[in-house]
Amino acid sequence: RTFLGWCTVESGRLAEGIDTLVKQRSFLETAYLVPWLLTYLCWLAEAYIRAEMLQEAKQALEQARDIFGRGGSYWYQVEGLRIEGLLAAHPQSNDAVLAEASFEQALLLARQRGQHGFALRAARDLAAHLADKGQPERARELLQDELRVFADQPVRGDRADAKALLCSLQNAPRG
């Protein structure tokens, strides 16, 4: 059900997806499914950001950080950092320095761990952030570097999103 909740969020039905995710919280907490709890908290935080529920997103990320700090599963830690960047970059938060630092930390950690998919997601969000700050050339270079890993793979999902951003950056004026 948790995965279905995230799929609902990804399909654009935020309220319904968040409702499904929230209903799964007690099960995940009482079942001691730490790896899934961290994934869940990151999915919930990202859904809250998309729904402009920033305080709720912050609380979900704080709970995830607490679990990481107690030695919980580190597999999804990169996503937590990336989502912290999304929260900091949100217009209501408007903390460009924290956003960039969070995206860069997520990207570095993903690269160190060989988590190519998470690295691409962090690079995509960092590139979008850089482009918004008037640095399209740096954003282009970043995405091109990360997409090289996926050169022989089908273009869908996160790769399609990154390629679309790269195309829009290639059409942007060069500085």
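The values are calculated or read from the model by the stated rules, or taken from the named source; none is laboratory data. Everything numeric in this text was worked out from a predicted model, so none of it was measured. Virtual Cβ from ideal backbone geometry, glycine too; neighbours counted across all protein chains shown. Surface accessibility is based on the protein's heavy atoms, side chains included, excluding ligands, DNA and RNA. Shrake-Rupley method; radii C 1.70, N 1.55, O 1.52, S 1.80 Å.
Things to note:
- Residue among E10, E16, E46, E29 that alone is buried (at least 21 other Cβ atoms within 10 Å of the Cβ), on the phi < 0 side of the Ramachandran plot and of a type in the set (D, E): E46
- Summed over the stretch 109-161, the residues that are outside any helix (DSSP H, G or I) and within 19 Å of V78 (Cα to Cα) give a count of 3.
- Per the conditions (1) at pLDDT 95 or above; (2) within 16 Å of the chain's Cα centre (by Cα); (3) surrounded by 17 or more Cβ atoms within 10 Å (Cβ to Cβ), the sole criterion not satisfied by Q77 is (1).
- In the stretch 57-85, residue farthest from F118 (Cα to Cα) [restricted to those that are among the polar types (S, T, N, Q) and not in a loop (DSSP other than H, G, I, E, B)]: Q59
- Residue check for A106: touching a Leu at 6+ places or on another chain (Cβ under 6 Å), assigned to a helix (DSSP H, G or I) and surrounded by 16 or more Cβ atoms within 10 Å (Cβ to Cβ): yes
- Any pair with Cβ under 9 angstrom, 6 or more apart, that starts in the stretch 147-161 at a residue that is touching a residue at least 12 places away in the same chain (Cβ under 8 Å) and open to solvent by 60 Å² or more (accessible area, probe 1.4 Å) and ends at one that is assigned to a helix (DSSP H, G or I) and among the small types (G, A, S): V149/A119
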